[in-house]
Amino acid sequence: MDAVGRNAAGRGAGRDAVPDARRDAARDANRGANRGANRGGARGAARGAVPAEPAARAAADLAPHELRILVAVDDERGFSAAAQALGLTQSAVSHSIRGTERKVGAVLFDRGRKGATPTAAGAAAAAHARRVLRLLDTLVAEARGADRGTVEGPLRIAAFRSVALHLLPAALERLAARHPGIEPQVRVVRELGAGTAGEVAEGRADVGIATIGGSSPVPTGLIGDVLLEEPYALVHPAGHPDPRSLPLVDWHENCGSYTREWWRRQDWIPKATVLTEDDGAVLSMVSNGHGMAIMPALSLTGAPDTIEITDLGTERPTRSVGYVTTPELASSTAVRALIRELRAVRA
């Protein structure tokens, strides 16, 4: 899956396009602002519904520079900050957003003293805008790759902590050996709420390494597959005569609803008395004799000798770790290459 290009907020498709994209955005947006269109300013759009243009025309009229401005306002949460990030005037940014709202037929941002807050329509539009801009970047990268016989450019990856520590590095090493032109950009995301899959859905990442399957299916609109099933085990201080009598140490991301249901059926597991921010802190607490924990295999990679790992038996719970990506990037060279290396490391 070959994904290249710049961050969607304020960068053009391909490095050579950045100055031109900014000039285009400034020229078009300032031209409209100077004509005095929508003199009511941002307040007018905030007062009520925005008159919509015919759908076919709106789709044809939305231009890449308008999408970049939309994404920048969403990222920066303000018109002034977005203008600064893009090298435009605030009036140009405001004019562009008003034009986009008119074409979409919805208010995209609530304006206030604290900046611009995306409405539900604005959040959805910004997510789609990021993905459209990324697809334009991919178009350029794939075309250049076909012409030059190489794969080059950034590949944005979102992963949760234990994957970033223990699975992803080996895959990235293999990827670099086979495709040195690919530039991995890894963002570690807590696997809570939307998690890594949410980063992909919002267009902030090309690939997410996520917990999927069972109670955590691949989100609607994305595609993915399981890479590995990791079992949970009882972790306790080495040599302790009765580890099940120890207090439980846990962390927020530890497991989904399926594993929690298994926990509820185990009358020997007490309520957690220590709740930490990540699995590394859990291992440290257990290693120093402050309790026991139930942890997935990846989190136990490289566990110290002061910790003992006990199998929970055939009925033990497992966690499915897989990848998610967007349908439009699924066939890109860089994304396919990363998934291939992740499968190889998993094997």
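The values are calculated or read from the model by the stated rules, or taken from the named source; none is laboratory data. Just so you know, these numbers come straight off a predicted model, no measurement behind them. No Cβ is skipped: glycine too gets one built from the backbone with ideal geometry, and neighbour counts run over all protein chains shown. We work out accessible area using only protein heavy atoms, side chains counted, and drop any ligands, DNA or RNA first. Shrake-Rupley method; radii C 1.70, N 1.55, O 1.52, S 1.80 Å.
Go through (1) open to solvent by less than 40 Å² (accessible area, probe 1.4 Å); (2) at pLDDT 90 or above; (3) farther than 17 Å from Leu165 by Cβ; (4) not acidic (Asp, Glu) one by one and return the number of the condition Thr259 breaks.
(2)
Here is a list: Arg204, Arg244, Arg161, Arg174. Which entry is in contact with a helix residue (DSSP H, G or I) (Cβ under 9 Å, 6 or more places away or on another chain), closer than 23 Å to Arg319 by Cα and among the basic types (Lys, Arg)?
Exactly one of Arg204, Arg244, Arg161, Arg174 is in contact with a helix residue (DSSP H, G or I) (Cβ under 9 Å, 6 or more places away or on another chain), closer than 23 Å to Arg319 by Cα and among the basic types (Lys, Arg), namely Arg161.
Among the listed residues Arg319, Arg336, identify the single one that is surrounded by 14 or more Cβ atoms within 10 Å (Cβ to Cβ), basic (Lys, Arg), touching a residue at least 60 places away in the same chain (Cβ under 8 Å) and under 17 Å from Phe160 (Cα atoms).
On the way: Arg336 fails: under 17 Å from Phe160 (Cα atoms).
Exactly one of Arg319, Arg336 is surrounded by 14 or more Cβ atoms within 10 Å (Cβ to Cβ), basic (Lys, Arg), touching a residue at least 60 places away in the same chain (Cβ under 8 Å) and under 17 Å from Phe160 (Cα atoms), namely Arg319.
Pull up region 154-173, narrow it to residues that are of a type in the set (Gly, Ala, Ser) and open to solvent by less than 10 Å² (accessible area, probe 1.4 Å), then point me to the one that is nearest to the chain's Cα centre (by Cα). Before you say what the answer is, go through the steps one by one.
First pass over region 154-173, keeping only residues of a type in the set (Gly, Ala, Ser): 158-159, 162, 164, 170-171.
Within this subset, residues satisfying the condition of being open to solvent by less than 10 Å² (accessible area, probe 1.4 Å) are 158-159, 162, 171.
Numbers: Ala158: 5, Ala159: 8, Ser162: 16, Ala171: 19 Å.
The qualifying residue nearest to the chain's Cα centre (by Cα) is Ala158.
Quick one: is Pro241 open to solvent by 20 Å² or more (accessible area, probe 1.4 Å), farther than 30 Å from Thr138 by Cβ, touching a Pro at 6+ places or on another chain (Cβ under 7 Å) and of a type outside the set (D, E, K, R)?
No; evaluated as a whole, the condition is false for this residue.
For region 116-174, how many residues are among the acidic types (Asp, Glu), more than 30 Å from Ile69 (Cα to Cα) and outside any helix (DSSP H, G or I)?
Total satisfying the criteria: 0.
For region 129-143, check the following and say yes or no: at least one residue is touching a residue at least 12 places away in the same chain (Cβ under 8 Å), of a type outside the set (A, V, I, L, M, F, W, C), farther than 16 Å from Glu76 by Cβ and surrounded by fewer than 16 Cβ atoms within 10 Å (Cβ to Cβ).
Looking through region 129-143, none of the residues is touching a residue at least 12 places away in the same chain (Cβ under 8 Å), of a type outside the set (A, V, I, L, M, F, W, C), farther than 16 Å from Glu76 by Cβ and surrounded by fewer than 16 Cβ atoms within 10 Å (Cβ to Cβ).
Any residue in region 277-299 that's farther than 21 Å from Ala164 by Cβ: show its pairings with residues that are aromatic (Phe, Trp, Tyr) and modelled with pLDDT under 90 at Cβ separation under 9 Å, as long as the two are six or more apart or on different chains.
Listed by first residue and then by second, the contacts come to Ile294/Trp263.
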